[in-house]
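Trainee: The structure under discussion is supplied below as structure tokens; questions concerning it will follow.
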Amino acid sequence: MRTPDFEQLEKELIYKRKNGYRTMSESRIKTAFEFCEEYKSFLDASKTEREAVKTAVAMAEKEGFEKWDLQKSYKAGDKLYFVNRNKAIILVKIGSDKLENGINMSIAHIDSPRLDLKPNPLYEAESMAYLDTHYYGGIKKYQWVTLPLALHGTVVKVSGESVEVSVGEDPTDPIFYITDLLPHLGGEQMKKTLGEGIPGESLNVLIGSMPVEDEKISNGVKLRTMQLLNEKYGITDSDFMSAELTFVPAGKARDVGFDRSLIAAYGHDDRVCAYPSLKALFDCGDVSRTALVCLTDKEEIGSVGNTGLDSNYLFDFIEDLALSMGANPRTVFRNSKCLSADVNAAYDPAFPEVYEKNNSSYINCGLVVTKYTGARGKSGSSDATAEFMGEIRRAFDESDVLWQMGELGKVDIGGGGTVAKYVAKFNVDVVDVGVPVLSMHAPIEAVSKLDVYSTYEGILTFFEKLK
Ligand code: MN
Ligand code: MN
């Protein structure tokens, strides 16, 4: 008997995760880097869900997408979009197959952790003016102090007129700031846990210190601040009650590393899946199955509210579209497939204790497929079927997509959820895919350029190849 070639045998039998820099061609890597230049511009223009929707609409209209009209009936090749309350958007490319054969959809969220203003936020303390915040999403509060912050959002005046606010992004703009204790006086603070060191109620943003000239006014700095805001935006103190204003880290997305292989930015989670979803929808040719992208809101606080996926807005839209095309909505759902496009935690060598090496996702190893999420025994997860996993694998491999499997950390260390379960409720096949992220939910998160591009290639393959 001949001795088998064990190297060959190993290649055939043993799975090894691939690093894109070992497997991708130079030209493909170059394309990935170019793709990420556009992604960085998208990030800079889309620091809130409202801004992301605006950017998406502008991109879609350039691509010939038109506003959805319930009265119209659509045919193969038509491209339409629907905006829900300025905070979520659905975009569709009608395929040549019957709609009842199902829709291929990619869903990402465009809200990110941040500091929202309270309804009565403006106050003065010791001749300094502050805006009081209530944080949104899962943050480590100590990370948000002593950072340059920008203010973004919308104020609806009592007249009904709405005003857009964005201060802190232009290099000539002022920024805003939360103070921290100096180490010299921080002895007691430093004994606290990281979770207790900066309490939520102390996330008060410093916005000014100059009083009005009249000494009789007791809160002269507050008044002066309001005077400036009134001059610029025509708003009064009570207009904060009908506003969605939010502090986010100021500044643009930047390359990381001498080789520029990574991107540091605010809000990768989950705009890093939103952008590839949009681009894949624009770039997929004449698809046979109808392709849909939904960029949704409120994922970071449990997909609640009428702009989150626990609401019916997406499913009602699909139902209306189905009925207008003479299709049975339930048949459409039953035959539909969905990528729940959201980030996963990249293995971080600085914190090996929370990751299980064999089942983590790694930087530069491509799009990460997550069969299930959840916590404590997969609770709260939508566990993708082996059959659907098989279809996804086959499609990705056939198109030579760089991809890997990954779980979010060790069993029982923590966990997380995505929108997958809200889609699964409608009997749609759904699996989580996305980009591995370092320092997820930190003010500045980091991702790899190859992984961003592989996610685009994966979603494109899904739209074009999955039957
Ligand atoms: Mn996410
Ligand atoms: Mn998140």
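The values are calculated or read from the model by the stated rules, or taken from the named source; none is laboratory data. All values reported here derive from a predicted model rather than from experimental measurement. Here the Cβ positions follow ideal geometry from the backbone for every residue, glycine too, while neighbour counts run over all protein chains shown.
Trainee: How many residues, within the range 69-85, are in contact with a strand residue (DSSP E or B) (Cβ under 7 Å, 6 or more places away or on another chain) and either touching a residue at least 60 places away in the same chain (Cβ under 8 Å) or not β-branched (V, I, T) (or both)?
Mentor: Result for the range 69-85: 5.
Trainee: Report whether or not T48 is at pLDDT 95 or above and under 28 Å from E244 (Cα atoms).
Mentor: yes
Trainee: Taking interchain pairs and intrachain pairs at least six residues apart, which have beta carbon atoms under 6 angstrom, with the first residue in the range 321-336 and part of a loop (DSSP other than H, G, I, E, B) and the second surrounded by 16 or more Cβ atoms within 10 Å (Cβ to Cβ) and modelled with pLDDT of 95 or more?
Mentor: M325/L99; A327/L99; A327/E100; N335/N101; N335/G102; S336/G102; S336/I103; S336/V428
Trainee: Just to verify a result, which residue in the range 206-259, among those that are part of a helix (DSSP H, G or I) and among the basic types (K, R), is farthest from the chain's Cα centre (by Cα)?
Mentor: Residues of the range 206-259 that are part of a helix (DSSP H, G or I), as a first pass: 220-233, 237-242.
Okay, now just the ones that are also among the basic types (K, R), so 222, 224, 232.
Working: K222: 35, R224: 37, K232: 31 Å.
Among them, the one singled out is R224.
Trainee: Still on this structure, please answer the following. Scan the range 278-306 residue by residue and report those that are surrounded by 24 or more Cβ atoms within 10 Å (Cβ to Cβ) and away from ligand 2 (no atom under 16 Å from the Cβ).
Mentor: L278, A280, L281, R289, T290, A291, L292, V293, C294
Trainee: Hey, G77 hits all of (1) outside the structural domain of A60 (by TED's automatic domain parsing); (2) at positive phi but one; which does it fall short on?
Mentor: The single condition G77 does not satisfy is (1).
Trainee: In the range 182-215, what residues are closer than 20 Å to S127 by Cα and surrounded by 10 or more Cβ atoms within 10 Å (Cβ to Cβ)?
Mentor: Hits for the range 182-215 are E201, S202, L203, N204, V205, L206, I207, G208, S209, M210, P211, V212.
Trainee: From the list S340, S311, S336, S288, which residue is modelled with pLDDT of 95 or more and within 16 Å of ligand 1 (Cβ to nearest atom)?
Mentor: The match here is S340.
Trainee: Identify, by number, the condition in (1) within 16 Å of ligand 2 (Cβ to nearest atom); (2) assigned by TED's automatic domain parsing to the domain that holds P329 that I89 doesn't meet.
Mentor: For I89, the exception is condition (1).
Trainee: Counting just the residues of the range 275-318 that are assigned to a helix (DSSP H, G or I) and among the aliphatic types (A, V, I, L, M), which one comes out farthest from G64 (Cα to Cα)?
Mentor: Per the stated criteria, the residue is I301.
Trainee: Of the conditions (1) farther than 22 Å from Y313 by Cβ; (2) out of contact with any helix residue (DSSP H, G or I) (no Cβ under 8 Å at 6 or more places or on another chain), Y142 clears all except one; give me its number.
Mentor: Unmet for Y142, out of (1) farther than 22 Å from Y313 by Cβ; (2) out of contact with any helix residue (DSSP H, G or I) (no Cβ under 8 Å at 6 or more places or on another chain): (2).
Trainee: In addition: Select from the range 88-121 the residues that are buried (at least 23 other Cβ atoms within 10 Å of the Cβ) and charged (D, E, K, R) and write down the one among them that is nearest to ligand 1 (Cβ to nearest atom).
Mentor: Per the criteria, the residue is D111.
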